[in-house]
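In what follows, a structure is listed as structure tokens, so that the remarks can point back to it.
The values are calculated or read from the model by the stated rules, or taken from the named source; none is laboratory data. What you are looking at is a predicted structure, and each value in this text was computed from that prediction instead of being measured. Positions of Cβ are generated from backbone atoms using ideal geometry, with glycine treated the same way; all protein chains shown enter the neighbour counts. Keep in mind that these areas ignore ligands, DNA and RNA; they rest on the heavy atoms of the full protein, side chains included. Shrake-Rupley method; radii C 1.70, N 1.55, O 1.52, S 1.80 Å.
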Amino acid sequence: MSHSFIAYIDESGDDGLDPDTYREPGNGGGASNWFAICACVMRATDSLNGVQWRNEVKSGTGKNSKGEAIHFHTFNHGQKRFACQHLSTKPIRFSAALSFKRDIPDGTYIHKNQYYFYVTRYVIERVSWLCRDSRPKVRHGDGRVKIVFSRRGGLSYEGFKDYLLHLKGDPSTSIHWPVIDIDGIDAQDHSRVAGLQLADSGARAIIEAFEPDLFGNVEGQ
């Protein structure tokens, strides 16, 4: 039986944890102070509609080149506001976990991808709650969510599956496991999947409310 939901997952900021490299206002370079993982969740039956929603954002922001993917960070302020306002009218939900890296003690994360996995677990947790609670209104499919990551160099998605299997054996974990299809976790290129471009928009829009720009300002409403 098919999935009931799809969760497209992308990140914003970076997962570098060297405190000597964090970005300061007035200095355009350096590592981000915040790291965010964001899921764009929709009904599986809306996956093709996601292409239309992406195209509407492209049209409204003047990004009309055929085959061009949208990248939220390339938008100017007005385009960003339009994208957020337009997507807020669609039957999708964004769920994000944010981490303020300056508060992380040195040596907390020592293994490759450990920090990324840890932040992502909280997104998976909240996605599982959303799908569980939405199931009474979404009767098609088997109740599970198809999880699709934006492909990221150096990240082991098989390793993430193993990590979730490890968490599944921990009774203190709050993930609602019946809706999570661990075996079906996939990764695709950002440019090929409209839903991942929507997730990129959500991740970037959310982190810009926290990550100071060159002048020390963050985005408001």
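Take the Cβ atoms of Phe210 and Thr108, set R0 to 22 Å, and the FRET efficiency comes out at 0.65. In this simple spin-label model, placing a label point 7 Å from the Cα along the Cα-to-Cβ direction at both Glu219 and Glu68 gives a separation of 1.9 nm. Ranking Phe210, Ile104, Gly143 by how far each Cα lies toward the positive end of the dipole of the chain (charges on Cβ) leaves Gly143 at the top. Working note: Karplus 6.51/-1.76/1.60 with θ = phi - 60° gives segment 174-180 the couplings 9, 5, 8, 5, x, 9, 9 Hz, where Gly and Pro are set to x. Residue by residue, segment 4-21 carries 3J(HN,Hα) couplings of 8, 9, 10, 10, 9, 10, 9, 10, 9, x, 9, 9, x, 10, 7, x, 7, 10 Hz when phi is fed to the Karplus relation 6.51 cos²θ - 1.76 cosθ + 1.60 (θ = phi - 60°); x denotes Gly or Pro. Rounded to the nearest 0.05, the FRET efficiency derived from the C-beta distance between Asp18 and His166 at R0 = 35 Å is 0.80. On a per residue basis, segment 44-144 carries 56 Å² of accessible surface, using protein heavy atoms and a 1.4 Å probe.
Note on exposure: Arg152, Arg192 ranked by accessible area (1.4 Å probe, complete protein assembly) read Arg192, Arg152, with the most exposed listed first. Phi angles of segment 132-144 translate, via the Karplus equation with coefficients 6.51, -1.76, 1.60 and θ = phi - 60°, into HN-Hα couplings of 4, 6, 8, 4, x, 9, 10, 8, 6, x, 9, x, 8 Hz per residue; Gly and Pro are given as x. Local charge sum around Gly143 (other residues, Cβ-Cβ under 11 Å, Lys/Arg +1, Asp/Glu -1)? Summing Lys and Arg as +1 and Asp and Glu as -1 gives +2. Within the shell defined by Cβ-Cβ distances under 15 Å, the residues around Glu208 carry a net charge of -3, with Lys and Arg each +1 and Asp and Glu each -1. Overall shape: oblate for segment 118-191, with the ratio a/c of the largest to smallest alpha carbon gyration tensor axis at 1.5 or above and b/c at least equal to a/b. Taking each DSSP H run with n ≥ 4 as -39500 (n - 2.57) and averaging over every residue of the chain yields -10500 deg cm²/dmol at 222 nm. A straight chain from Thr173 to Asn49 at 0.36 nm per residue would run longer than the Cα-Cα distance by 41.3 nm.
Here the chain carries DSSP beta bridges of which approximately 65% are antiparallel, counting only pairs with both residues inside. Binning the alpha carbon pair distances of segment 48-156 at 5 angstrom intervals from zero yields the distribution 2, 8, 14, 15, 17, 17, 15, 8, 3, 0, expressed in whole percent. How high is the relative contact order of segment 69-201? Use alpha-carbon pairs under 8 Å, at least six apart in sequence, and give a whole percent. With pairs under 8 Å counted, the relative contact order is 34 percent.
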